[in-house]
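Notes follow once the structure below has been shown.
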Amino acid sequence: MGRGGLTPVVQGCKVCLSCAGRDPRECPNYRCNPSLLLLVRDEKGEEDARHRAVVQIDCCKTFRESMVRWFPEHGVDRLDAVVLTHEHADAIMGLDDVRLMQRTVKLEDYAKQKELVSSTCVWLTEHTWQTVSRVFPYLALANGMGSGLGNANSEAAGRPAVRRRVAQLNFAIMGAAIGEGARPFEPVPGVTMVPLPVWHGADYVCMGFCFGAEHTRVVYLSDVSELPAETEELIAALCPAGIELLIVDALFYTREHNTHFNLPQTLKCVEQLSPRRALCIGMTHDFDQDDVNSELREWGAAHGGIDVQLACDGLAVDGIDLQWHAEGAVRADDAAAAPPEPEWRRALDATRAAAAAVADDQPSALSV
């Protein structure tokens, strides 16, 4: 849905100027944050939207814009699952807008949202859960469910809690440490995803994913600065018939960055993994779509005919069979209904309990 890294508009920049005043659908240099929408046909291959599952990878800062622009074009009217790569703003800050894809309830029914609205399952690592629960406390309370409650201090102040309409989400923990091997999960029935831990900076692990049927495996690496040898070996083991499509980070054209691949590093990764097709994502305005794609066609021809191109917002890739039943894959029903309680909430509860104990032992300053 989005394929770019957000960068400031630079005066006189050819790429920035090419986007001015144009419909983003007609301007391949217009780039929202990277994200991926999976439309999964059922096992009978039904095309009808009612017979397919819908999975969103990352709800980024520009998720609402991308959703309004591209969902109608593909007949998408719901999300069955969300999968998060990591906890940075360009992956999680659109979570609140998931409610736009859920049933609308009347004001008088806000207190019954959990019963009336089908929840969307959000798959994330425990580290990402810690951040999501802190950034969106109204979506992710200690029980892992959206509450719709307002200010938690309102009742203490003698005012009733107000129910608000919020996205109804369930949270399920997935992920793997580098070298831990395959830990598959099923965001929707029949679709297995295997987390691929990669370095996103020297001190931070981000999840990529491998998914798709054996003959059409997809490897998705949206935020990567280094591919660990253990993860490369895992990819090779998961893709005995090769990689059909590699979707990989490429922030700058030649400049180096400490948390993302630049294009030379991206192409080195493409050579290492040797997919049949590769799409670059996360580009800044270093990249003019037409110019760089022309260069990449020449590069691919000189490297065994690999089809390498820059992706563009709204790009649809057909012919990928996403059905994959992996033995031992964790399903939403099997995953913890409530992720571990965040450390910050345990600390806050302990502080409140200590303060309450002190208050019980001492007269109030307002006592007469």
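For Ala182, the requirement of being open to solvent by 10 Å² or more (accessible area, probe 1.4 Å), under 22 Å from Asp321 (Cβ atoms) and of a type outside the set (Phe, Trp, Tyr) is met. Residues that are assigned to a helix (DSSP H, G or I) and either modelled with pLDDT under 95 or acidic (Asp, Glu) (or both) within region 185-239 comprise Glu214, Glu230, Glu232, Glu233, listed in sequence order. When region 253-296 is filtered for residues that are open to solvent by 40 Å² or more (accessible area, probe 1.4 Å), at pLDDT below 95 and closer than 20 Å to Leu36 by Cα, nothing remains. Test Val15 against the criterion of being touching a residue at least 24 places away in the same chain (Cβ under 8 Å) and part of a helix (DSSP H, G or I), and give yes or no. For Val15, the condition - touching a residue at least 24 places away in the same chain (Cβ under 8 Å) and part of a helix (DSSP H, G or I) - is met.
Quick one: in region 287-320, which of the residues that are in contact with a Ser or Thr (Cβ under 8 Å, 6 or more places away or on another chain) and touching a residue at least 60 places away in the same chain (Cβ under 8 Å) is nearest to Asn29 (Cα to Cα)? If we take residues in region 287-320 being in contact with a Ser or Thr (Cβ under 8 Å, 6 or more places away or on another chain) and touching a residue at least 60 places away in the same chain (Cβ under 8 Å), then Asp288 is nearest to Asn29 (Cα to Cα).
Of the residues making up region 151-184, those that are modelled with pLDDT of 85 or more and in a strand (DSSP E or B) are Leu169, Asn170, Phe171, Ala172, Ile173.
Pairing each residue of region 71-94 that is assigned to a loop (DSSP other than H, G, I, E, B) with any residue that is crowded, with 23+ Cβ neighbours inside 10 Å and of a type in the set (Asp, Glu), provided the two are 6+ apart or on different chains, yields C-beta distances under 7 Å for Leu84/Asp58; Thr85/Asp58; Thr85/Asp223; His86/Asp223.
None of Gly319, Gly305 is in a loop (DSSP other than H, G, I, E, B), more than 23 Å from Val55 (Cβ to Cβ) and at pLDDT 90 or above except Gly305. Of the residues making up region 189-212, just one is open to solvent by 10 Å² or more (accessible area, probe 1.4 Å) and more than 27 Å from Gln265 (Cα to Cα), namely Pro189. Residue pairs whose Cβ atoms lie under 6 Å apart, separated by 6 or more positions or on different chains, with the first residue in region 193-218 and under 15 Å from Ala176 (Cα atoms) and the second acidic (Asp, Glu), are Trp199/Glu226; His200/Asp223; Cys206/Asp223.
Identify, please: which residue in region 240-252 is outside any strand (DSSP E or B) and over 19 Å from Val194 (Cα atoms) and is, among those, least open to solvent (accessible area, probe 1.4 Å)? Result: Ala250.
The values are calculated or read from the model by the stated rules, or taken from the named source; none is laboratory data. Everything numeric in this text was worked out from a predicted model, so none of it was measured. Note that we place each Cβ from the backbone using ideal geometry, even for glycine, and neighbour counts take in every protein chain shown. When the accessible area is computed, the model is the full protein with side chains, heavy atoms only, and any ligands, DNA or RNA have been set aside. Shrake-Rupley method; radii C 1.70, N 1.55, O 1.52, S 1.80 Å.
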